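The values are calculated or read from the model by the stated rules, or taken from the named source; none is laboratory data. Owing to the predicted nature of the structure, the values given are computational and were not obtained by experimental measurement. Positions of Cβ are backbone-derived with ideal geometry, glycine not excepted, and every protein chain shown enters the neighbour counts. In case anyone asks, the SASA skips ligands and DNA or RNA and just uses the protein heavy atoms, side chains included. Shrake-Rupley method; radii C 1.70, N 1.55, O 1.52, S 1.80 Å.
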Amino acid sequence: MASRKKTRGGRRRKARKGRAGNRSGWRVILGLLVLVVLLGGAYSLYLAKTVRVKFEGKRWAVPAQIFARPLELYAGADVSGAQLKEELRFLGYREVASVSGPAQWSQQGGRFTIQTREFVFWDGAEPGQAVVVRASATGVDSIRRMRDRREVDLMRLEPALVGSIYPAHNEDRVLVQRAELPDHLVNGLLAVEDRRFFEHAGVDLRSVGRALWANLRAGKTVQGGSTLTQQLVKNFILTPERSLWRKANEALMALIVDARYSKDEILEAYANEIFLGQDGERAIHGFGLGAYFYFARPLAELRLHEAALLVALVRGASYYNPRRNPERALQRRNLVIEQMSAQGFITQEEAAQAQQQPLGVSARGASLGQRVPAFVDLVRRQLRRDYREEDLTSEGLRIFTTLDPWVQQKAAAALDKRLTRIETARGLEKGSLQGALVVAAAQNGEVQALVGGREADLPGFNRALDAIRPIGSLIKPAVYLTALSNPDRYTLSTPIEDKPVDMKLPGGQRWQPHNYDRKLYGEVALHEALARSLNLATVNLGLQLGLKPVIATLHALGVNRDIDAFPSLLLGALSLSPLDVAQIYQSLAAGGFRSPLRAIRAVLDAGQQPLQRYPLTVTEAADPAAVFLLNRNLVEVAESGTAAALRKLLPGGLQVAGKTGTTNDLRDSWFAGFSADRVAVAWVGRDDNAPTGLTGAQGALPVWADLMRSIDNLSLQLTPPSEIEYHWVDRSGRLSAQGCEGAVAFPYIAGSQPAQRSDCTDQQGLGGFLRDLLK
């Protein structure tokens, strides 16, 4: 009995211990569950905060956009029909049989029908309009509005987007809003990427199951189940790592995104984030930029088959690259169109018509940062003077520049074609010659074109800015201007000595320069010495003047580099870039008034508010009367001096002024000159600094002439300042008269004419000379 009681007691104690153990186990499990819930909740809050920070903060660093100058059209404008056509193509306008929408044009002879885009200029917004422009080979004849046939006094085509300064991580975007997404684009996305986008909560379990079953049957991954929201999370927030953990985070964050933001907000973010290709080191993100990159047009102007191609690239931008894999891209695009028809977004007839269209991509990507890379380089450098680098790469500035696309195109063609001809004619290795061109407005210094090399549309070494080469005889006008600025000592007719020079330099070396033809000419008139580019006459003149005054003249004309005071400076032992040289000659072209060369007209911030207008700063660099005398001498250089070849290369009646430049061993060939409205500088050489075998007249001058012949120029008409007087002078530099043998009418600063008179007394006076000219 006692034994049975002990047994029952033991059992009761074990039962109580078991129940206590069970309760302890459940407490542990419950605690673990609570901990998991708390940790899960905390992690969810962390993910929610991550989503909120990314979506509600600044989502993308928007590149600064760089625009060319707008083309102004009015009756009488010097815009030929050929130029107008090229300008429209450069803008990405589409030539059609009948104009029906923005950015379209048609042509019937000299009659152009154009519908412009609306655009926000630096001075206000302008709506798009449809106009009829009549243009001939000489310019614009008339402009009328299509809707009421009324004449248009002045209109502007919007400036072309020629470049962008994008963030350091090399991602570029043209941001678009949800309302700007074409219906065809959205419908295409829904048809092939996420049919139930407007129904699911960020994760579509049906799609996941359908994809899982398809993959199991195929034995490999053939279909994905990610929604557009999941794709956005993967691309915008997470890394491309492939793991179950990343996939779980993607699903959870997609649910959070869908709960916090509207479907339209998600679509807009997706449209701006999606990766659509690679342009060198630059990643192409978003449909806005993709439209430019593949079709050279804004997204809103894409047709059904073009929008379908962008959607096709979502599945694999590299695999379906239409430029490298056109057949593969065409097949994928047509599948997108087929799915759009199957789901009722378009009719079968529309689908069949769209599938018959070619891919239609541009030959090269409309690389917004690289259409004119050398000019964009100049813009970037000038902006650095006034803006922080981080503002330029992330604040979405709109930069309006001075670039003239027509002149830029002609300059690039002139350089490459002429150098090809020279290489062929001289038996040089193809591509061995390089060059640069700078074109600016003569009066205000606006840079109209800048070519940094023969492949002008490719980035690389910018010779227009960074080829710092000796300028040779291009320096001589500064020497002669220094002399002419002292009219009591020097005039155009003053005799100077072309005699040997033998100088001992510091270090014991001797400097013994010589003329190009190694001849001596004795006493020559100052104007003749410059026209014939006589080295010895120039050195003797420069030594009489002193090196410091010559250096001061160079600085006044715009040289911002240090200049060593060596005698060889007088023959061009000064290394400058083509842009530096253009600044010197702009000061001369403007009559002695220096305007800093500038590439920027205005800058707007992301809110379309002007940040800064670059003011036109004009400084008197030299006495206008002395510059007039020098420029008259430079006209002589172009007509009968070392640049006389221009007479055969330029149109008849076009008067220009300029100077050739050649350096030791024929390594560098230069020409700098100007018409009434343009100043241009050409340099030709080799990147390895080896001799080219070309003088300035044989290399750079033909390049310069080809450019100036292909664009409109005003003939140079030098207007003498009030202090200039004309006097007849004979060959010996004495005052003479019109009818006397060898007498020439020379301009002089008042009171500087020769004191000595010749024996000739046949005098009609200057009035008779001018009357003869008018006859």
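Quick rundown of the values:
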read-out	value
One residue from Leu419, Leu428 being open to solvent by 30 Å² or more (accessible area, probe 1.4 Å), not assigned by TED's automatic domain parsing to the domain that holds Ala657 and not charged (D, E, K, R)	Leu428
Segment 152-177 - residue that is open to solvent by 10 Å² or more (accessible area, probe 1.4 Å), at pLDDT 90 or above and not in a loop (DSSP other than H, G, I, E, B) and, of those, farthest from Pro459 (Cα to Cα)	Arg156
From the options Gln353, Gln339, Gln408, residue that is at pLDDT 95 or above and open to solvent by 20 Å² or more (accessible area, probe 1.4 Å)	Gln353
Residues (among the β-branched types (Val, Ile, Thr) and either assigned to a loop (DSSP other than H, G, I, E, B) or surrounded by fewer than 19 Cβ atoms within 10 Å (Cβ to Cβ) (or both)) located in segment 187-206	Val203
Within segment 431-440, considering residues that are assigned to a loop (DSSP other than H, G, I, E, B) and small (Gly, Ala, Ser), the one most open to solvent (accessible area, probe 1.4 Å)	Gly431
Qualifying residue in segment 281-297 (condition: of a type in the set (Val, Ile, Thr), touching an Asp or Glu at 6+ places or on another chain (Cβ under 8 Å) and closer than 26 Å to Phe90 by Cα)	yes
Count - residues of segment 453-466 that are touching a Lys or Arg at 6+ places or on another chain (Cβ under 8 Å) and either without any contact (Cβ under 8 Å) to a residue 12 or more places away in the chain or open to solvent by 10 Å² or more (accessible area, probe 1.4 Å) (or both)	2
Test for Arg150: is it of a type in the set (Lys, Arg) and without any contact (Cβ under 8 Å) to a residue 12 or more places away in the chain	yes
Wholly enclosed helices (runs of 4 or more DSSP H) of segment 605-721 bearing at least 2 residues within 23 Å of the chain's Cα centre (by Cα) and buried (at least 23 other Cβ atoms within 10 Å of the Cβ)	700-710
Breaking point among (1) of a type in the set (Lys, Arg); (2) at pLDDT below 95; (3) under 26 Å from Ala467 (Cβ atoms), for Arg601	(3)
Per-region count, segment 725-759, residues open to solvent by less than 60 Å² (accessible area, probe 1.4 Å), under 18 Å from Asp623 (Cα atoms) and either in a loop (DSSP other than H, G, I, E, B) or assigned by TED's automatic domain parsing to the domain that holds Val635 (or both)	3
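Table: residues versus (1) buried (at least 19 other Cβ atoms within 10 Å of the Cβ); (2) hydroxyl-bearing (Ser, Thr, Tyr); (3) in contact (Cβ under 8 Å) with a residue 24 or more places away in the chain.
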{"site": "Ala68", "(1), (2), (3)": "yes, no, yes"}
{"site": "Glu126", "(1), (2), (3)": "no, no, yes"}
{"site": "Ser136", "(1), (2), (3)": "no, yes, yes"}
{"site": "Ile143", "(1), (2), (3)": "yes, no, yes"}
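Rundown of residues vs (1) polar (S, T, N, Q); (2) free of Cβ contacts under 8 Å to residues at least 12 places away in the same chain; (3) on the phi > 0 side of the Ramachandran plot, yes/no style:
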| site | (1), (2), (3) |
| --- | --- |
| Gln409 | yes, no, no |
| Ala412 | no, no, no |
| Thr424 | yes, yes, no |
| Lys430 | no, yes, no |
| Ala436 | no, no, no |
